[in-house]
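> For reference, the structure I am asking about is given below.
Just so it is clear, none of the values below were taken in a lab; they were calculated from the coordinates. Just so it is clear, the model here is predicted, and its values are computed rather than measured. Positions of Cβ are backbone-derived with ideal geometry, glycine not excepted, and every protein chain shown enters the neighbour counts.
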Amino acid sequence: MARRIVVTSGKGGVGKTTVSCNLAVRLAVLGYRVALCDLDFGLNNVDVVLGVENLAVYDILDAVEGRCRPRQALIRVPEYPTLYSLSSNRVSGRYISPQAVRLVLDSIAPQFDFLILDSPAGIEEGFHRAASCAEEALLVTTPQLSAMRDADRVAGILKCYRFPRVGLVVNLVRRDLVRKGETLHPKEVASALRLPLLAAVPEEDKLLLNGVSARVRAFRTLADELLSEEEKEGKRR
Ligand SMILES: Nc1ncnc2c1ncn2[C@@H]1O[C@H](COP(=O)(O)OP(=O)(O)O)[C@@H](O)[C@H]1O
Ligand SMILES: [Mg+2]
């Protein structure tokens, strides 16, 4: 049964979707079956980042609202044979309950090793809906104080969910500024937030067209931190 990992942040624009997509790609490259699920129904963009926006017939809201079967809403990402996108292409005018989303995820979970859940920013309904569908959480922040303050609030709220661990990803790291002492080191961010640092992702000028880029090393580290010894052993065999 798939591990369900929610990617949250508090503040918007700090890189949740970027981290979700790059992590999903990395796990798929390692051979895991991954579904990247866009639970950011308002500002959805997983399909664009993965370059599958023209391939969708149905989306997650069609599945949630019963217009199609959950697996009909899965889009295979052409470049990666084991990567699927459960994207969200429209805004629903209706209330979407966490239970309805969970049922859709339950129905696809047996086909996958990982469900990566891209969450909306903020600490409102959409964030709770995404968190309540997960069993593990990643928290993304930048080294900026405003993002860290929001991350700290989210970390506090996530305690209610009793995830075994909330792993930190520090994004948009500028080594030059860290060296000059103009911004915090990712380790200082982690110690201020009292969270384990799983990866530090550099800010890159050059983003590939579909957004999955050469921040490869950071995402290798992140995948490596998330995978248990048994899972790695299973792939080596
Ligand atoms: N490490 C990075 N280097 C350069 N640009 C990045 C990086 N991470 C995110 N971005 C860019 O920042 C913007 C916001 O990122 P996104 O992942 O959409 O944030 P969120 O999902 O948290 O709102 C996007 O344009 C994205 O391409
Ligand atoms: Mg996003």
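> For the chain, what proportion of DSSP beta bridges, expressed in % and rounded to the nearest 5, is antiparallel?
Percentage antiparallel, nearest 5: 5.
> Cross-link candidates for Lys187: which lysines have Cα within less than 27 Å, leaving aside residues fewer than 8 places away along the same chain?
Correct list for Lys187: Lys11, Lys16, Lys159, Lys206, Lys232.
> Can you give me the distance in nm between label points at Asp224 and Leu55, each placed 7 Å from the Cα along the Cα-to-Cβ direction?
Result: 2.9 nm between the two label points.
> Looking at the calculated P(r) for the chain, what percent of the C-alpha pair distances fall above 21 Å?
53
> Here's a follow-up. Specify the angular offset, from 0 to 90 degrees and rounded to the nearest 10, of the alpha carbon long axis of helix 145-158 from the longest principal axis of the alpha carbons in the chain.
50
> Count the net charge of all other residues whose Cβ sits under 9 Å from the Cβ of Asp40, scoring Lys and Arg as +1 and Asp and Glu as -1.
Working: positive: Lys16; negative: Asp38, Asp118.
Spelling it out: positives minus negatives among the neighbours equals -1.
> What's the local net charge at Leu226, with K and R +1, D and E -1, over the other residues with C-beta under 9 Å away?
Working: positive: Arg3; negative: Glu136, Asp224, Glu225, Glu231.
The answer is -3.
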